[in-house]
Amino acid sequence: MKINDITSTSNRATREGFGQGLLELGRQNPKVVGLTADLMESLQMQHFQKEFPERFFQIGIAEANMMGIAAGLATGGKIPYTGTFANFSTGRVYDQIRQSIAYSHKNVKICASHAGVTLGEDGATHQILEDIGLMRMLPGMVVINPCDYNQTKAATIAIAEHHGPVYLRFGRPAWPVFTPEDQKFRIGKALHLASGKDVSIFATGHLVWTCIEAAKELAAQGVSCEVINIHTIKPLDEEAILDSVSKTRAVVVAEEHQRAGGLGDAIANLLAHKLPTPMEYVGVNDSFGESGKPAELLDKYGLGKKDVLWAVKDVLDRKK
Amino acid sequence: MPDTQQLTELCTQVRRDIVRMVYNVQSGHPGGSLGCTEFFVALYGAVMKHSPKPFRMEGKNQDVFFLSNGHISPVWYSVLARTGYFPVAELATFRKLNTRLQGHPATHEGLPGIRIASGSLGQGISVAIGAALAKRLDGDKRWVFALTGDGELEEGQCWEAILSAAHLKVDNLVVTVDWNGQQIDGPVEQVMALGNLPAKWKAFGWDVLVLEKGNDLEAVIAMLRKAKRRCGKGKPVVVLMKTDMGHGVDFMAGTHKWHGKAPNAEQFEQAMAQLPVTRLGDF
């Protein structure tokens, strides 16, 4: 597909995609159960709760307990979906996830909303930017960060078919919807959005759209970008990445996360071993966030379109 | 079902196994293991309906058990082996490289009988609640049992779990607290006093049973059966079980000092002399 052919049809929050996906999944699969730690509507889980009240557990503000209960439900053959903010889904309960879910290989889907700075006004206490790193370090954990409403909905449904722990990360704000409504979600299979020859842009989550917009601008300037949506950070689609990089020989990685530990580091690790290549990060540089509007925060913390443009320019300079 | 005499003999053999396992590898936790021997023998030998072979993770239509204080793995491994979950000879591999009998229980190596990893404390009650809720959703009428330490109750997650089990009316759950009053750094009362433990559980909405003689096999069996009968009435049930840490080996008994320490050769011989050889035979 050509970059200019990718257009947004509407703005909807990825968390709404999660809520709709969970409802549809609940209708298909009676083993699916939901849990929340007092954030049911923030996660849009009220649709599932209303239709399947006996399969939904309100655990209160007790995330550690929620993770343990989810592990127990999984032991009994259920497929639990836990729902709280990304901060409380990871850092707050790291040991519970590590021992009772990851090491015990429980079929728990840890569903995390309000990730990153686009949470906005609540500020840094809630804006986790380390969660991808924390979760991808856990052996056997699948880590997914879909890019829009449709993809989040599809991912929510698809992960029930994978037996094992999954971290599904999404966000709060309304965000451009541009992936097809009927697109099948395949864990670990990167989505090639636009072909190009000068630079490979790998992006995950909200920043996929930002990179599409940047690539359109670059196309007008005569820079041909290959844009690939890495919705699954672990397992990483190494083949897709190496195929693209072997062609372009320049890489930009964009994510709403710390530069340390996220998708950028995952790709840098791959390339260091298999195909050393000039690479630039678009990510938060060793900093906490702060209160503000999502667009203002993305701009201030180096996650905007301008930052992708600079990163491409820098990497193309290094490529010469 | 084995008679009390057989189960008493099993208790002695389990104690021999515990001391021998810990001595063999010069590490592990004999104190709490010895103190909970009657509990495990009662549970697996007389109280639970369970099926060692084939072991099924989901435990449908069976009673299932979760150990929250995973460091007392020696007693659990011994009882699992001696009730048919895996070969008794495998006890010799405890804590050694490539073993299924990890220092703390784990599902990772596929040891039959283990349904969740434990060791990092405070998580087991939550897990047991989840398993009990799964049984409720499935219309499965069997019970979920769990054991936690008393010092372990210092972990905040325990109280999150205790609060939620009552709120969710998880009444197919029997939690037992190993109330031995000891933890690594000393008596629980000195490290972090628990105060009026029965009153605390009661205030959190549980049906509270106190067992004064946690090292009296018949008393333990009777109490766990009573706890099962108290289920199904809208409340989770807790058994506060007073035990003697290190019970059965005089120099290990009643002190925190043998929480996580292995005996030397002389102490080993001394302990073995107090635990007569049984017809079951050592591993």
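Name the residue from A:56, A:11, A:233 whose Cα lies farthest towards the positive end of the charge dipole of the protein assembly as shown, charges +1 on Cβ of Lys and Arg and -1 on Cβ of Asp and Glu.
About the Cα centre, the residue reaching furthest to the positive side is A:56.
What FRET efficiency, computed as 1/(1 + (r/R0)^6) with R0 = 51 Å and r the Cβ-Cβ distance, is obtained for residue B:253 and residue A:219, rounded to the nearest 0.05?
FRET efficiency, residue B:253 to residue A:219: 0.05.
Filter the trypsin sites (Lys or Arg not before Pro) in region B:9-75 down to the DSSP loop ones having no more than 16 other Cβ atoms within 10 Å, then list what survives.
Listed in order of number, the matching sites are B:49, B:56, B:60.
Just the accessible area for residue A:41, please: 1.4 Å probe, Å², rounded to the nearest 10?
120
Find out how many positive minus negative residues lie around residue A:6, taking Lys and Arg as positive, Asp and Glu as negative, among other residues whose Cβ is under 15 Å from that of residue A:6.
-3
In Å, the Kirkwood hydrodynamic radius of chain A over pairs of distinct alpha carbons? Provide the component values of the computation, followed by the final result.
Numbers: mean 1/r = 0.0516 Å⁻¹.
Taking every pair of different Cα atoms in chain A, averaging 1/r and inverting gives 19.4 Å.
Mind putting a number on the dipole of chain B about its Cα centre? Charges go on the C-beta only, +1 for Lys and Arg and -1 for Asp and Glu, and I need it in Debye to the nearest 20.
For chain B, the charge dipole is close to 1040 debye.
Could you tell me what % of all Cα pairs in region A:10-177 have separations over 23 Å?
For region A:10-177, the fraction of Cα-Cα distances above 23 Å is 28 percent.
Which value, in debye to the nearest 20, gives the size of the charge dipole of the protein assembly as shown about its Cα centre, when Lys and Arg are +1 and Asp and Glu are -1 at the Cβ?
1420
Find how much the distance from residue B:213 to residue B:196 grows on full extension, using 0.36 nm per residue of separation minus their present alpha carbon separation; answer in nm with one decimal.
Result: 4.3 nm gained on full extension.
Leaving ligands, DNA and RNA out of it, work out the accessible area of residue A:137 with a 1.4 Å probe and give it in Å² to the nearest 10.
Rounded to the nearest 10, the figure is 140 Å².
Which order do B:23, A:81 take when ranked by solvent-accessible area (1.4 Å probe, heavy atoms of all protein chains), largest first?
Putting B:23, A:81 in descending order of accessible area: B:23, A:81.
What FRET efficiency would be calculated for the residue pair residue B:60, residue A:296, taking the C-beta separation as r and a Förster radius of 56 Å, to the nearest 0.05?
Given R0 = 56 Å and the Cβ-Cβ separation, E is 0.55.
Report the accessible area of residue A:114, computed with a 1.4 Å probe over the heavy atoms of all protein chains in place, in Å² rounded to the nearest 10.
Roughly 10 Å² of residue A:114 is accessible to a 1.4 Å probe.
With heavy atoms of protein chains only and a 1.4 Å probe, what residues of region B:163-210 have at least 20 Å² less accessible area in the full set of chains than alone?
Listed by number, the residues meeting the 20 Å² cut-off are B:164, B:168.
Given +1 on the Cβ of Lys and Arg, -1 on the Cβ of Asp and Glu, and no further charges, what dipole in debye does region B:118-158 carry about its Cα centre, rounded to the nearest 20?
The dipole magnitude comes to about 360 debye.
Need one number: the % of Cα-Cα pairs in region A:239-320 sitting beyond the 15 Å mark.
When all Cα pairs of region A:239-320 are counted, 58 percent exceed 15 Å.
Hey, with R₀ at 56 Å, roughly what FRET efficiency would residue A:192 and residue B:266 work out to, going by the Cβ-Cβ distance, to 0.05?
0.20
Once every DSSP H run of n ≥ 4 in the protein assembly as shown is given -39500 (n - 2.57) and the sum is divided by its residues, what mean residue ellipticity at 222 nm do you get, rounded to the nearest 500 deg cm²/dmol?
Mean residue ellipticity at 222 nm (helix-derived): -11000 deg cm²/dmol.
Be a star and scan region A:1-23 for residues whose amide nitrogen sits under 19 Å from the point 7 Å along the Cα-to-Cβ vector of residue A:181.
Residues A:6-23 qualify, since their backbone N sits under 19 Å from the label point.
The values are calculated or read from the model by the stated rules, or taken from the named source; none is laboratory data. All values derive from a computational prediction rather than experimental measurement. Glycine gets a Cβ as well: all are built from the backbone with ideal geometry, and neighbour counts include every protein chain shown. Note: accessible area is taken over every heavy atom of the protein model, side chains too, but ligands, DNA and RNA are not part of it. Shrake-Rupley method; radii C 1.70, N 1.55, O 1.52, S 1.80 Å.
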